[in-house]
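Data first, discussion second: the structure below is written as structure tokens.
The values are calculated or read from the model by the stated rules, or taken from the named source; none is laboratory data. On a predicted model such as this, the values are computed, not experimentally measured, just so you know. Because the Cβ atoms are built from the backbone with ideal geometry, glycine has one as well, and the counts that use them run over all protein chains shown.
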């Protein structure tokens with residue numbers, strides 16, 4: 001049994017949680033009764049079920065949300081830093097390096113303290129952004145259009161991060177209570 | 001045991017299939033073929049119904065000689081009742097007047 005369907009099914013068993021073992025044995029038995037042309041489709045479905053069972057748990061949802069947010073924040077930090085080093089921002093380079101460090105801090109906080117860390121980071125970032133915008137409107141300085149756009153973008157990014165983290169936490173709690 | 005909530009359309013389809021022959025043991029592949037529900041949805045649904053105490057399962061000898069025993073499923077008494085409730089809700093949703101008359 002070394003056909004593609006069997007390989008896909010073996011991946012499903014490897015990915016699937018141990019507490020669903022009886023269901024994987026049930027699927028494996030059924031696979032033997034399925035006509036050859038339909039076996040790959042059936043095995044792919046089993047792989048999808050394994051992924052659902054792996055992720056759709058309180059811990060799985062927390063880990064997936066946390067991993068996604070760490071990756072997103074770290075990617076933003078890397079992107080901003082690389083573009084700054086390539087000279088894309090001219091005199092604004094120090095501010096952009098600061099922004100890169102800020103997103104890197106978000107990635108570290110999320111990796112270290114999970115979704116709670118991301119919520120604190122995003123709320124802190126939104127508060128900081130608001131203080132800066134308030135200082136502008138108070139006549140502290142006149143920012144360029146680029147900086148204004150950057151501030152709006154930061155609001156959107158941080159609100160999205162906060163939304164994903166809050167949703168991940170709520171979903172994990174709901175799954176916990178539903179068990 | 002988890003308290004069952006309102007069932008999805010696919011779960012209702014599956015429940016209806018079981019409710020047609022409540023005493024008969026049914027197999028995964030046949031259920032998938034009869035309902036058109038793929039294995040990726042079928043098995044998580046069967047597992048959830050089982051976790052909720054609505055479905056019972058057992059390994060039954062295969063009718064084909066030399067083949068391994070198969071995992072078979074049928075509704076429990078609570079499952080039959082739940083299937084009936086869901087069916088009535090579906091009827092009520094599709095035709096509010098009839099639904100009122102039923103309840």
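In a residue-by-residue description of the stretch B:23-41, the property of being at pLDDT 95 or above, surrounded by fewer than 15 Cβ atoms within 10 Å (Cβ to Cβ), at the interface with chain A (Cβ under 10 Å from one of its Cβ atoms) and not in a helix (DSSP H, G or I) applies to no position.
Return yes or no: is residue A:49 within 14 Å of chain B (Cβ to nearest Cβ) and buried (at least 19 other Cβ atoms within 10 Å of the Cβ)?
Working: within 14 Å of chain B (Cβ to nearest Cβ): yes; buried (at least 19 other Cβ atoms within 10 Å of the Cβ): yes.
It is true that residue A:49 is within 14 Å of chain B (Cβ to nearest Cβ) and buried (at least 19 other Cβ atoms within 10 Å of the Cβ).
So that you can scan it fast, the table gives a plain yes or no per residue for (1) part of a helix (DSSP H, G or I); (2) touching a helix residue (DSSP H, G or I) at 6+ places or on another chain (Cβ under 9 Å); (3) modelled with pLDDT of 95 or more; (4) on the phi < 0 side of the Ramachandran plot:
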| site | (1), (2), (3), (4) |
| --- | --- |
| A:46 | yes, yes, yes, yes |
| A:61 | yes, yes, no, yes |
| A:76 | yes, yes, yes, yes |
| A:87 | no, yes, no, no |
| A:99 | yes, yes, no, yes |
| A:106 | yes, yes, yes, yes |
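For residue B:3, are the conditions met, namely being within 12 Å of chain A (Cβ to nearest Cβ), modelled with pLDDT under 95 and part of a loop (DSSP other than H, G, I, E, B)? Yes, satisfied. Among the residues making up the stretch B:42-51, those that are under 12 Å from the mean Cα position of the chain (by Cα) and more than 8 Å from chain A (Cβ to nearest Cβ) are B:45, B:48, B:49, B:50.
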